[in-house]
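Asks: The structure follows.
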Amino acid sequence: GIEFFKEEQFSEGDKLALLNFLMREFSLTRPVVMRGADSAVAAQFLVEQYVSQNACIDLLYLNSDALQDCSPSQIAPLWDLLSRKGVICIESSGAAETIDAGVLPAGAFDTVMASPGFSIFARVDCERPLRSMCYQVDLYRRKLCFDRKRRSKRTAKAEMPEVAVVVLTYKHESYIAECLRSVLNQR
């Protein structure tokens, strides 16, 4: 299942749709997004807030730049704040770059989906079996792919309008072939 769309690029709309799917399908209610500058400051702030509220994170969405900006000691507390439903989505800065589980603590997370530009990981001790998560995400990706193909076919059909031509004739049999050629040559 993981290899099915290995070369597929995700658009921003696809990423958003996939995140919405993850939130609904896996009952994730507490998302955290870390993108852009000052990731180290954001990580420290998030850790302090979640620890003070004794809360957990269900979905952690990171840009790979955030992982590079933060030292392991700054980002490690975020891994500890993930709930048992904990899912991590990492968007890579390079569209062709694929992030693997090696960027996460060894043995704590496993890959649910890895594609160029976007990867999803789940806790090894997750509430839901990893195979089930992989299967659900794979089904959703297939649905996205087929919907995209169906939309592109509809768009292609929309460019070529369907036309019905009615030719009425009476006692002009010698001119019918010429008339039909003329109709077919129309643009």
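The values are calculated or read from the model by the stated rules, or taken from the named source; none is laboratory data. Remember, predicted model here, so these are calculated numbers, not experimental data. Because the Cβ atoms are built from the backbone with ideal geometry, glycine has one as well, and the counts that use them run over all protein chains shown. Calculation scope for accessible area: heavy atoms of the full protein, side chains included, ligands and nucleic acids excluded. Shrake-Rupley method; radii C 1.70, N 1.55, O 1.52, S 1.80 Å.
Asks: Out of everything in the range 41-88 that is crowded, with 17+ Cβ neighbours inside 10 Å and among the acidic types (Asp, Glu), what residue ends up being nearest to Leu19 (Cα to Cα)?
Replies: Asp58
Asks: Residues of the range 65-91 being touching a Ser or Thr at 6+ places or on another chain (Cβ under 8 Å) and at pLDDT 80 or above, which ones?
Replies: Within the range 65-91, Lys85, Cys89, Ile90, Glu91 meet the criteria.
Asks: Which residues, counting only those in the range 56-68, are more than 21 Å from Lys15 (Cα to Cα) and in contact with a helix residue (DSSP H, G or I) (Cβ under 8 Å, 6 or more places away or on another chain)?
Replies: Hit for the range 56-68 is Cys56, nothing else.
Asks: Yes or no: the range 141-157 includes at least one residue that is at pLDDT 85 or above and aromatic (Phe, Trp, Tyr).
Replies: no
Asks: I would also like to ask the following. Please find, within the range 100-109, the residue that is most open to solvent (accessible area, probe 1.4 Å) out of those that are of a type outside the set (A, V, I, L, M) and in contact with a Phe, Trp or Tyr (Cβ under 8 Å, 6 or more places away or on another chain).
Replies: Pro105
Asks: With respect to Glu97, determine if the residue is within 19 Å of the chain's Cα centre (by Cα) and either among the hydrophobic types (A, V, I, L, M, F, W, C) or modelled with pLDDT of 80 or more (or both).
Replies: When the stated conditions are applied, Glu97 does not pass them.
Asks: Name the residues in the range 8-27 that are surrounded by 11 or more Cβ atoms within 10 Å (Cβ to Cβ) and under 8 Å from the mean Cα position of the chain (by Cα), would you?
Replies: Phe10, Ser11, Asp14, Lys15, Leu16, Ala17, Leu18, Leu19 - these are the residues of the range 8-27 that are surrounded by 11 or more Cβ atoms within 10 Å (Cβ to Cβ) and under 8 Å from the mean Cα position of the chain (by Cα).
Asks: Right, something else. Looking only at the range 129-145, which residues are closer than 16 Å to Ala17 by Cα, hydrophobic (A, V, I, L, M, F, W, C) and open to solvent by 40 Å² or more (accessible area, probe 1.4 Å)?
Replies: Passing the criteria: only Leu139.
Asks: Continuing with this model, one more query. Could you please give the count of residues in the range 100-109 that are at pLDDT 85 or above and within 20 Å of the chain's Cα centre (by Cα)?
Replies: 1
Asks: From the set of residues in the range 110-125 that are surrounded by fewer than 21 Cβ atoms within 10 Å (Cβ to Cβ) and closer than 12 Å to Gly86 by Cα, which is nearest to the chain's Cα centre (by Cα)?
Replies: Asp110
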